[in-house]
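> Let me begin by handing over the structure; questions about it come next.
The values are calculated or read from the model by the stated rules, or taken from the named source; none is laboratory data. A quick note: this is a predicted structure, and the numbers were derived from the prediction, not measured. Here Cβ is always computed from backbone atoms with ideal geometry, including for glycine, and neighbour counts include all displayed protein chains.
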Amino acid sequence: MKAVVLAAGDGTRLSPVTSYIPKSLLPLAGIPIVSIIVRKLLKTNIFAREDIIVVCMERYVKNFLHELRDIQGIQIVGTGENKGTATHFYHADKLALQNRNVPDIESTLVHYGDIYTTMDYSAFIQDWWNRRMPLTGMLAVTKDVRHDYSEVRMRKNLANGELILDKFVEKPRLTEPTWTGIAIFHRKKILKYIEKKIGGRADMAKSTYLEFAVDIIEPYIEHHKQEIAAHEFAGEWHDIGNLRAYQKLQERFITEQLII
């Protein structure tokens with residue numbers, strides 16, 4: 001099994017901080033987020049260092065090499081400007097895996113580079129190995145996540161038919177599990193589907209924008225409902241997608257000394 005950490009996002013919602021540093025290199029208690037992810041994967045003893053690929057924008061390769069210098073052996077692959085997580089995954093596979101003559105790797109763990117979680121990665125991977133059905137992928141999902149926005153419920157005024165506010169909840173908890181940005185895929189099946197989405201031309205991958213959630217997983221499930229499984233866990237999960245979320249988690253790392 002290989003692991004691909006997708007760290008090529010431009011981080012516009014974290015501006016102005018990300019105008020000079022990629023969001024995956026933002027530190028939590030002095031350690032870059034991407035380094036925390038890589039260390040957690042290595043702690044499973046399932047991945048060797050050469051099994052882990054970090055994808056970043058080409059112009060930041062030197063920055064990633066510097067920040068990950070104490071974890072020698074992992075592969076750092078540069079890609080073009082932000083073309084979407086699925087496109088970056090496809091690009092990384094072509095460069096990092098096929099060039100190393102290992103085309104028959106069956107499974108690949110995909111991990112967004114701006115995620116912090118206390119999920120047991122070993123349990124997630126073991127769950128994948130234990131499944132008997134021929135799966136294309138399995139998503140790590142969790143409950144008890146707060147929405148980033150307010151939720152309002154409206155009703156019509158019986159007197160004049162105009163809408164009035166019936167209920168208001170600031171950042172409500174989601175009632176259904178949410179995907180965490182972590183998944184395991186059958187490598188050949190998901191690459192074949194991505195290639196189909198880009199028109200069957202590998203040379204078009206660099207110029208095609210494809211996101212895993214919207215362009216790959218959602219349409220795939222519509223046509224192959226039995227082929228994507230879910231692994232639910234109850235640990236912490238944080239999407240460091242905006243400045244407020246980053247500052248809040250950073251404070252917790254400092255005051256509560258969260259475990260890296």
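> Could you figure out which of (1) at pLDDT below 95; (2) closer than 27 Å to residue 218 by Cα isn't true of residue 112?
For residue 112, the failing item is (1).
> When the range 230-247 is examined, which residues are found to be among the small types (Gly, Ala, Ser), touching a residue at least 40 places away in the same chain (Cβ under 8 Å) and surrounded by 17 or more Cβ atoms within 10 Å (Cβ to Cβ)?
241
> Of all strands (runs of 3 or more DSSP E) completely enclosed by the range 43-146, which ones contain at least 2 residues that are touching a residue at least 60 places away in the same chain (Cβ under 8 Å), surrounded by 15 or more Cβ atoms within 10 Å (Cβ to Cβ) and under 18 Å from the mean Cα position of the chain (by Cα)?
The strands (runs of 3 or more DSSP E) meeting that bar are 107-112, 115-117, 137-142.
> Let me ask something additional. Please determine, by comparing only the residues of the range 200-214 that are modelled with pLDDT of 85 or more and touching a Ser or Thr at 6+ places or on another chain (Cβ under 9 Å), which one is nearest to residue 186 (Cα to Cα).
Ranking the qualifying residues of the range 200-214, first place goes to 212.
The rows are residues; the columns are (1) closer than 24 Å to residue 245 by Cβ; (2) at pLDDT 85 or above.
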site: 13; (1), (2): yes, no
site: 48; (1), (2): no, yes
site: 57; (1), (2): yes, yes
site: 88; (1), (2): yes, yes
site: 91; (1), (2): no, yes
site: 96; (1), (2): no, no
